[in-house]
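Comments concern the structure below.
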Amino acid sequence: MKTDDLIRALAADREPAGPAPGQALALAGAAGFVLSMLLFSWLVPLRPNLGEAIQSFPFVLKPIEMGILVVAAAIVVLRLAKPGAPLGHVLLVAAAVPAIMVSAVAVELTQVPRAEWLVKLAGVHWYMCVLNMVLLSLPILAALLFGLRYGAPTRPMLAGAGAGLLSGALAASLYIAHCPDDSPLFVAAWFTLAIAIATGIGAMAGSRVLRW
């Protein structure tokens, strides 16, 4: 028997009664996102000039970047829930996000005086943005890890990292409605850091709770 066949056989024996992995992940992710929305409404208010900000290109870039990352990360998590499933080209889709960020930062640095670069980078309390996004990601991450247990991930740490990446991207997407900083430099630095922290937490948690 080939190794892949053996893994699939073991996964079939392990499969618990209940919803299919994809359905479990969708339900768990939705529940976690609702909890994060409630946490968001308790932590921070909506941005006062949200209606005006939506009309600016730097603001619009944020939901575009996070939307691409959410879709790519969701596909990664779904595939990692199954034994031996290849990731395919989905990582190339996710790579589009840093490419867009770097391009936007390059354009901004040519348009903003050098003396203002640090101001753009720091924004308004950058550390609070990072902290809040990480906090908002935790309910989603916990829910996704629960959903992954209905699958058969053979790479627990990687599956956990995928869940962390998705939870971080969803949390960042939600936080856009509050964040007062639209600078591409700010977004590239601190949104990326928050998502990276969520991904790291997911990897550590996944290596423990998803282990067979």
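The values are calculated or read from the model by the stated rules, or taken from the named source; none is laboratory data. This one's a predicted model, so the numbers in the text were calculated from it and none came from an experiment. A quick note on method: Cβ atoms are made from the backbone with ideal geometry, for glycine too, and the neighbour counts reach across all protein chains shown.
Condition check: polar (S, T, N, Q), at negative phi and crowded, with 16+ Cβ neighbours inside 10 Å. Does THR199 satisfy that?
So THR199 passes the test.
Would you point out which residue out of ALA17, ALA24, ALA9 is at pLDDT below 90, loosely packed, with under 12 Cβ neighbours inside 10 Å and more than 28 Å from ASP182 (Cα to Cα)?
After ruling out the rest, the residue left standing is ALA17.
Of the residues that sit in segment 31-58 and are among the β-branched types (Val, Ile, Thr) and more than 18 Å from the chain's Cα centre (by Cα), which one is surrounded by the most Cβ atoms within 10 Å (Cβ to Cβ)?
The selected residue is VAL44.
Among (1) within 16 Å of VAL187 (Cβ to Cβ); (2) over 11 Å from the mean Cα position of the chain (by Cα); (3) surrounded by 18 or more Cβ atoms within 10 Å (Cβ to Cβ), where does GLN111 come up short?
Every listed condition holds for GLN111 apart from (3).
Regarding segment 116-138, can at least one residue be identified that is surrounded by 24 or more Cβ atoms within 10 Å (Cβ to Cβ) and either without any contact (Cβ under 8 Å) to a residue 60 or more places away in the chain or over 18 Å from VAL70 (Cα atoms) (or both)?
yes
Among helices (runs of 4 or more DSSP H) lying entirely in segment 104-212, which contain 2 or more residues that are modelled with pLDDT of 95 or more? Show your work before the answer.
Working: elements: 117-122, 126-148, 156-175, 192-209.
Where helices (runs of 4 or more DSSP H) fall fully within segment 104-212 and carry at least 2 residues being modelled with pLDDT of 95 or more, they are 126-148, 156-175, 192-209.
Would you be able to tell me the number of residues in segment 88-103 that are surrounded by 15 or more Cβ atoms within 10 Å (Cβ to Cβ) and free of Cβ contacts under 8 Å to residues at least 24 places away in the same chain?
Number of matching residues: 1.
Inspect all residues belonging to segment 159-181 and state whether any of them is touching a residue at least 12 places away in the same chain (Cβ under 8 Å), farther than 22 Å from ARG47 by Cβ and surrounded by fewer than 20 Cβ atoms within 10 Å (Cβ to Cβ).
no
Among ALA73, ALA94, which is part of a helix (DSSP H, G or I), under 21 Å from TYR175 (Cα atoms), modelled with pLDDT under 90 and within 13 Å of the chain's Cα centre (by Cα)? Spell out the reasoning first.
On the way: ALA73 fails: modelled with pLDDT under 90.
Just one listed residue meets the conditions, ALA94.
On the basis of being of a type in the set (A, V, I, L, M, F, W, C) and surrounded by fewer than 19 Cβ atoms within 10 Å (Cβ to Cβ), does ALA106 make the cut?
Working: of a type in the set (A, V, I, L, M, F, W, C): yes; surrounded by fewer than 19 Cβ atoms within 10 Å (Cβ to Cβ): yes.
Considered against the rule, which asks whether it is of a type in the set (A, V, I, L, M, F, W, C) and surrounded by fewer than 19 Cβ atoms within 10 Å (Cβ to Cβ), ALA106 comes out as yes.
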